[in-house]
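Student: The structure follows.
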Amino acid sequence: MNEELKFNPVDQFPAKVEGEQFSRTVLLYDKDLDNFDLGYYDFEVQKWQAMGGFQMDVICWSYIPTPNELQVSGFDSVTID
């Protein structure tokens, strides 16, 4: 899934994961724009959740961009154990 990087306000929610109570994983941005974290919106408790465990004052979010094959065609890969 290749999505254009677009920033969304926190009162607009990402797509909900089918069969789950939470949204897709997104990038959450702190209000000072000096910190970001992976996170999601929990529709059951109606609250944003950051995965890193840090306290944040979230101002916006964006879907995580996914490169296409052309963008990474010349890159070498490494195996992670």
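The values are calculated or read from the model by the stated rules, or taken from the named source; none is laboratory data. Only a predicted model underlies this, so the values are computations on that prediction, with no experimental measurement involved. When we count neighbours, we look across all protein chains shown, and the Cβ atoms used for this are built from the backbone with ideal geometry, even at glycine. Surface areas here come from the heavy atoms of the whole protein model, side chains and all, with no ligands, DNA or RNA. Shrake-Rupley method; radii C 1.70, N 1.55, O 1.52, S 1.80 Å.
Student: Can you tell me which residue within the range 1-54, out of those that are touching a strand residue (DSSP E or B) at 6+ places or on another chain (Cβ under 8 Å) and among the small types (G, A, S), is surrounded by the most Cβ atoms within 10 Å (Cβ to Cβ)?
Tutor: Only one residue tops the list, namely G39.
Student: A further question follows. Across the range 58-78, what is the number of residues that are outside any loop (DSSP other than H, G, I, E, B) and open to solvent by 60 Å² or more (accessible area, probe 1.4 Å)?
Tutor: Initially, the range 58-78 is screened for residues outside any loop (DSSP other than H, G, I, E, B), giving 58-63, 69-72.
Checking the rest, the ones that are also open to solvent by 60 Å² or more (accessible area, probe 1.4 Å) come to 59, 69-71.
Going through the range 58-78 one residue at a time, the tally reaches 4.
Student: Failed condition for D11, given (1) without any contact (Cβ under 8 Å) to a residue 12 or more places away in the chain; (2) in contact with a Gly (Cβ under 6 Å, 6 or more places away or on another chain), with all others met?
Tutor: Only one criterion is unmet by D11, namely (2).
Student: Another question about this same structure. Please go through the range 1-32 and give me each residue that is aromatic (F, W, Y) and not in a loop (DSSP other than H, G, I, E, B), ordered by number. Give the derivation first.
Tutor: Pass one, the range 1-32, residues aromatic (F, W, Y): 7, 13, 22, 29.
Of everything in the range 1-32, those that are aromatic (F, W, Y) and not in a loop (DSSP other than H, G, I, E, B) turn out to be F22, Y29.
Student: List every residue pair whose Cβ atoms sit under 8 Å apart, with the two residues 6 or more apart in sequence or on different chains, where the first one lies in the range 33-44 and is part of a loop (DSSP other than H, G, I, E, B) and the second, anywhere, is open to solvent by 100 Å² or more (accessible area, probe 1.4 Å) and not charged (D, E, K, R).
Tutor: Going by the 8 Å Cβ cut-off, the qualifying pairs are N35/F54.
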